[in-house]
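Down below is the structure, laid out as structure tokens.
The values are calculated or read from the model by the stated rules, or taken from the named source; none is laboratory data. Bear in mind that the values here come from a model prediction, so they are computed numbers and not experimental data. Virtual Cβ from ideal backbone geometry, glycine too; neighbours counted across all protein chains shown. Surface areas here come from the heavy atoms of the whole protein model, side chains and all, with no ligands, DNA or RNA. Shrake-Rupley method; radii C 1.70, N 1.55, O 1.52, S 1.80 Å.
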Amino acid sequence: ELGYRGKNVMLGIPASCSSLKRMYLYDNTNIFDGFRFISYTGKFIMKENSGAAEGLTIITGNHHRVVGEFIKETIQKRSEDIEQVIVHEDVWIGANVILMEGCHVGRGANIGAGSVVRFKIPPYAVVIGNPAKIVGFSYSPEEVKEHELKMYAPNDRIDICEYEKVYQKFYIDNIKQIQSYLKFRP
């Protein structure tokens, strides 16, 4: 049984879960078939109104080397300080995405098919690739302000000043680099 199961949750089959009790799926979430959850201590949390296409893999662990120990000995000691994977509200995850330990996907983000995400994704970011890279945002700061006003209670809205800083840092300041990354090369 899941650690938490909200209303209207859909988990496709086949699925492979090393620990159902470490999965928390909130209202109106869906994960299509081919899902894999590899966890021995970490949690996977998917918040309201988010979804994932086929082939999502969640990994809440890693193999860290320790000086003076063989890797097999280190693996057997599995750390208890594993970071959880969190997918916030209104996120869409494309097919065959891998979310690694400590990854937090911000509200409203879109993760492109085949991406491997190892870091925290800001709200409303558009992410693609392996390794994943922020290539845009779904909304401008003005549109986020309007969207949040319509969709969320005052205490649940993201900080628009913080969003503007992230938008500037990851998008405006890097637009030439992003355009180069997205350029088609035959």
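From helices alone, the chain scores -5500 deg cm²/dmol at 222 nm; the rule is -39500 (n - 2.57) for each run of n ≥ 4 DSSP H residues, then divide by the residue total. Bridges between two residues of the chain, per DSSP, are antiparallel at a rate of about 10%.
Projecting the Cα atoms of Gly42, Cys17, Ile71 onto the charge dipole of the chain (Cβ charges, centred on the Cα centre) puts Ile71 farthest toward the positive pole. Heavy-atom accessible surface of the chain, averaged per residue, reaches 58 Å², computed with a 1.4 Å probe. In the stretch 7-138, the portion of solvent-accessible area held by carbon and sulfur atoms comes to 53 percent [1.4 Å probe, whole percent, DNA, RNA and ligands not counted].
Subtracting the Cα-Cα distance from 0.36 nm times the residue separation, let me have the gained length for Tyr40 to Ala95 in nm, one decimal. All intermediate terms of the calculation are to be shown ahead of the outcome.
Numbers: separation 55, 0.36 × 55 = 19.80 nm, distance 2.40 nm.
Stretched fully, the Tyr40-Ala95 segment lengthens by 17.4 nm.
Counting only Cβ charges, +1 for Lys and Arg and -1 for Asp and Glu, the dipole size of the stretch 34-165 around its Cα centre is about 500 debye. Over the stretch 112-186, the ratio between the Cα radius of gyration and 2.2 N^0.38 Å evaluates to 1.22. For the stretch 27-72, a Kirkwood hydrodynamic radius built from all Cα pairs, placed in the Stokes-Einstein relation at 20 °C and 1.002 mPa s, yields a translational diffusion coefficient of 167 µm²/s.
Radius of gyration over Kirkwood radius for the stretch 1-121, both on Cα atoms: the Rg/Rh ratio is 1.00. For the chain, the longest principal axis of the C-alpha atoms and the axis of helix 141-151 are separated by about 70°. Computed from Cα positions, the angle between helix 160-170 and the longest principal axis of the chain comes to roughly 80 degrees. Just to verify a number: FRET efficiency for Phe70 and Lys21, C-beta to C-beta distance, R0 = 25 Å, to 0.05? Between Phe70 and Lys21 the formula returns 0.25. Semi-axes of the equivalent ellipsoid of the stretch 37-186 are 30, 20, 15 Å, computed as sqrt(5λ) over the eigenvalues of the C-alpha gyration tensor in descending order. With the biggest extent put first, the Cα atoms of the stretch 1-58 measure 26, 21, 15 Å across the principal axes.
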